Amino acid sequence: MIRLFKNLEKKDFGIIFVVFCLVVFAVFLDLRMPEYMSNITKLIQTDGSTMKEILTAGGHMLLCAVGSLICTVCVGFFTSLLSARFSRMIRRKIFSKVESFGIAEIKKFSTSSLITRTTNDVTQIEMLLSMGLQLLFRAPVMAVWALLKIVGKSGELSLVTGVGVVIIVITNLSIIRIVSPRFLKIQKLTDKINGVTRENITGIRVVHAFNAEKFEQKRFQHINDELSGIHLKITKTFALLDPVMNFVMHFQHLGIYVLGAFIIMRSGMVDKINIFSNMVVFSTYGMQVILSFLLLTMIFMIYPRAQVSANRINEVLDCDASILSGTFHDSTEEKGTIEFRDVSFKYPDADEYLLKHISFKVKQGETFAFIGSTGSGKSTLINLVPRLYDATDGEVLVDGVNVKEYETKELNNRIGYIPQTAVMFTGTVQENVSYGDNGKEKPSLEKVKEAIRVAQGTEFVEQMDKTYQAHIARGGTNVSGGQKQRLSIARAIARDPEIYIFDDSFSALDYQTDAKLRKELKKYTKDATSLIVAQRIGTIMNADQIVVLDKGECVGIGTHKELLKNCEVYKEIALSQLSEEELQNA
């Protein structure tokens, strides 16, 4: 928690100081009122007192109450302002940190957990800061100040207050010890419930198609019941505070007045008025002490969960990205070249290598295709180029420079990456195609139109309402899979990169559209290098070189015709899709 609060700025500490001063002044005013009450009690029972004196003391009490109210309102405003600023800053830090993560770090936390940490966990810290500053300053100041006014006036009455304080402290500590471990479970279950909800909504069409609504409801209900059960246990535990506080408050009142009665009986007539007046003041101050510890109790209710949330936030902020940016950002003699030098790769914490001793070089303007059975490592191989992962052994070079040496932005500016799953963002068609920063001018509308034309998307885009300014929903849910793929390809084309990486990016296209797109792409990107991962032989047979992978090993490199003669794995894949006659005529 302290580590998070170190992120506060200097002006934030200024606000905290102002809040502290306002709280101290409010407490001073609150503790002045019992003294005026004591004066009024004495004036009422003293011969010769005038109504003016009584009203003057009452007016002072009223001024103290109004002043305390104004201070309290100001404290609420400043703490709300501070907590909102702080939570905004923490959310920004978490988001920026997550932006620096690679795939390995995202998988470590899971998407649902990162969402929870950015929203729910930050909210817990915000609540602690907002309420905590008010209560944490007020409670101890009030308790200590009130106790100083009590101590010395009556040992017996002080003992009554002391016993009540001890009971409250023991109760609070016992409850915190019971509930603290359960707050960690609550946050983890919140992650799970977010994950199940997100998965269910994302796959709602599959859920409906397989009549799995009851199964999903049971899965959700199981986690929901577990979360509700822990909340109920915590609530029941905290419910013990209410009767304990009531008991202590009534015990204190009763104890003060019973002991006060015995003290008055032992005193002379002259002292009885002063003793009774002191009893009224003592009772009020004692109540202030108990209320102070009640305020601390409210902090104890918030703090354990906030501490768990702070630890979870720190886990994200302390997580070091496995892929660090290099420093190289200069121009190179080579353009559009890619080289794999004895590259092997295994996922973090995996025992076996997924890719083993891969070596090849792609020259500028060449098209290299990758094919193999599912799980052979095709996508993983090309993902090493934009550093979605780093090679475990060997080197991956772009334009003659190891990709690990590149500044991340510089490497990305040289590459146009089209992932397996087309990703669309909320916005317009133009905004999606001109998305990002490629170190050059933002693609103009004409450039966007040209990119969409090459990607064979002009027809469907111009039929949309508002055409290039047509709205694209989150995730591209208002366009088809093939349309998303074409817009995703257009996004890469609009960057004019040296290297194109197509990770099975033609799978949702029909054969005719696929052929047209590749033909136009070849013309438009004749000076660029292309890496293509595909399952269809028809998509890659015209590539300059085809790399065949089998169980992570390169079992063949060559043209389509060469591999049909020399590579059994490639021949099996080809024959499973096309007849021998079609292959020979290709």
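Brief remarks follow.
- Pairs where the first residue, in the range 49-73, is over 11 Å from residue 32 (Cα atoms) and the second is exposed (fewer than 12 other Cβ atoms within 10 Å of the Cβ) and modelled with pLDDT of 85 or more, C-beta under 8 Å, 6+ apart: none
- Inter-residue pairs, beta-carbon under 6 Å, first over 13 Å from residue 341 (Cα atoms) and in the range 380-394, second assigned to a helix (DSSP H, G or I), 6+ apart: 387/403; 388/103; 389/383
- Selected residue (only one of 420, 469, 430, 463 is assigned by TED's automatic domain parsing to the domain that holds residue 507 and at pLDDT below 85): 420
- Across the range 481-491, a minimum of one residue is classified as in contact (Cβ under 8 Å) with a residue 40 or more places away in the chain, among the β-branched types (Val, Ile, Thr) and out of contact with any Asp or Glu (no Cβ under 9 Å at 6 or more places or on another chain).
- Residues that are of a type in the set (D, E, K, R) and either at pLDDT below 80 or exposed (fewer than 14 other Cβ atoms within 10 Å of the Cβ) (or both) number at least 2 in the following helices (runs of 4 or more DSSP H) confined to the range 133-252: 155-202, 213-239.
- Unique match (being more than 34 Å from the chain's Cα centre (by Cα) and either surrounded by fewer than 16 Cβ atoms within 10 Å (Cβ to Cβ) or within 23 Å of residue 405 (Cβ to Cβ) (or both)) among 357, 329: 357
- Helices (runs of 4 or more DSSP H) contained in the range 456-528 and holding at least 2 residues crowded, with 18+ Cβ neighbours inside 10 Å and either touching a strand residue (DSSP E or B) at 6+ places or on another chain (Cβ under 7 Å) or among the charged types (D, E, K, R) (or both): 481-493, 511-524
- Selection of helices (runs of 4 or more DSSP H) fully inside the range 332-446 by the criterion of at least 1 residues being closer than 22 Å to residue 497 by Cβ and of a type in the set (Gly, Ala, Ser) returns 378-383.
Residue-by-condition table, conditions (1) β-branched (Val, Ile, Thr); (2) at pLDDT below 75; (3) not assigned by TED's automatic domain parsing to the domain that holds residue 129:
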site: 7; (1), (2), (3): no, yes, no
site: 20; (1), (2), (3): no, no, no
site: 24; (1), (2), (3): yes, no, no
site: 28; (1), (2), (3): no, no, no
site: 39; (1), (2), (3): no, yes, no
site: 44; (1), (2), (3): yes, yes, no
site: 53; (1), (2), (3): no, no, no
site: 60; (1), (2), (3): no, no, no
site: 64; (1), (2), (3): no, no, no
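- Considering 432, 413, the condition of being more than 30 Å from residue 204 (Cα to Cα) and under 32 Å from the mean Cα position of the chain (by Cα) is satisfied by 413 alone.
- Index of the failed condition, residue 451 passing every other in (1) part of a helix (DSSP H, G or I); (2) more than 15 Å from residue 418 (Cα to Cα); (3) among the small types (Gly, Ala, Ser): (2)
- Some residue of the range 85-106 being without any contact (Cβ under 8 Å) to a residue 24 or more places away in the chain and hydroxyl-bearing (Ser, Thr, Tyr): yes
- Only one entry of 202, 197, 190, 235 meets the criterion of being within 30 Å of residue 161 (Cα to Cα) and of a type in the set (S, T, N, Q), and that entry is 235.
- You will find that of 69, 82, the residue that is surrounded by fewer than 17 Cβ atoms within 10 Å (Cβ to Cβ) and at pLDDT 85 or above is 69 and no other.
The values are calculated or read from the model by the stated rules, or taken from the named source; none is laboratory data. For clarity, every value in this text was computed on a predicted model and none was experimentally measured. Cβ atoms come from the backbone with ideal geometry, glycine included; neighbour counts cover every protein chain shown.
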